[in-house]
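What follows is a set of notes on a single structure, which appears directly below.
The values are calculated or read from the model by the stated rules, or taken from the named source; none is laboratory data. Computed from a predicted structure; not experimentally measured. Heads up, the Cβs are rebuilt from the backbone with ideal geometry, glycines too, and the neighbour counts pull from every protein chain shown.
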Amino acid sequence: MDGKLMKFKRMFIYRLMPLTAVAIILPFATLVNKDIAYYAYKEATYGLIIKGVIKKDESPDKQLILINEFLYRNFSSPYRADVIDKDIFNDLMRGIAWCDQRAWALVIFAGKLGIEARLVFTKNPEGVSTHTVSEAKIGGRWMLFDPQFGFFGRKNSRYPASYDDICRHPELFLLNEKMLMLKKISPERYAITRNLFSSNIYYKDYLAPVFWTGPVNSRNLLR
């Protein structure tokens, strides 16, 4: 009996007591310091989204494909709405984001999953940046994600395709699931989108984009 009691005491001291202390102190700390409260809510939100959207046994590319689809479906880009570049948590609360914010959100979530990712600011033939996408390193190769339009880069339905790959092989964009669906639903809108992207974003002899590397090897929330 004494042995079991001592074992329980050790478990309480080394495991339960720290958790109990955090549970008691954190609510008061958040009341005293607004920055702590904001950070706590922000990180909790990111964690809940990750655990709600993907599963532990998903491959890295599948994880980001699901996150990409989540960002595509859960943000809107209303005409003339104010752009507030604060952080992704603020964008999620507003439900409003454009290509920059959505691409950055994917980089943030990739970092939380321990996946290297970066922003890609594309340039049109005049050298003006007209769109922002993300790239993540999957199996040692860069894979493009475009959460503004729900598009991701794949070659032969299996291999990662980068921004460079898609510019060199425009059919990878034109034949993706989202574009084929758009072509079926609205041929007119498909033609406009195809012409816009083929001449300004994914085009041969493209101008070198600007890359910006985001957070890498953040804590893996699924482990």
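Just so you know, in segment 126-136 the residues that are of a type in the set (Ser, Thr, Tyr) and in contact with a strand residue (DSSP E or B) (Cβ under 6 Å, 6 or more places away or on another chain) include one that is farthest from Trp104 (Cα to Cα), and it is Ser129.
The combined condition, being in contact with a strand residue (DSSP E or B) (Cβ under 9 Å, 6 or more places away or on another chain) and farther than 19 Å from Val210 by Cβ, is fulfilled by Gly139.
When you check Ile67 against the structure, is it in contact with a Phe, Trp or Tyr (Cβ under 6 Å, 6 or more places away or on another chain) and assigned to a helix (DSSP H, G or I), yes or no? Yes. On the stretch given as segment 76-98, residues that are free of Cβ contacts under 8 Å to residues at least 40 places away in the same chain and either in a loop (DSSP other than H, G, I, E, B) or within 20 Å of Lys178 (Cα to Cα) (or both) total 12.
Taking Gly139, is it modelled with pLDDT of 85 or more and not hydroxyl-bearing (Ser, Thr, Tyr)? Against the criterion (modelled with pLDDT of 85 or more and not hydroxyl-bearing (Ser, Thr, Tyr)), Gly139 qualifies. Scanning segment 67-90 for residues that are modelled with pLDDT under 90, surrounded by 12 or more Cβ atoms within 10 Å (Cβ to Cβ) and within 18 Å of Thr132 (Cβ to Cβ) yields Ser77, Ala81, Ile84, Asp87, Ile88, Asn90.
Tell me whether segment 71-83 contains one or more residues that are over 14 Å from Asp146 (Cβ atoms) and among the acidic types (Asp, Glu). There is at least one residue in segment 71-83 that is over 14 Å from Asp146 (Cβ atoms) and among the acidic types (Asp, Glu).
For the residues Lys204, Lys178, Lys184, Lys155, the requirement of being modelled with pLDDT under 90 and over 23 Å from the mean Cα position of the chain (by Cα) singles out Lys204. Taking the criterion of being exposed (fewer than 15 other Cβ atoms within 10 Å of the Cβ) and part of a helix (DSSP H, G or I), the residues of segment 41-61 that qualify are Tyr41, Glu43, Ala44, Thr45, Gly47, Leu48, Lys51, Gly52.
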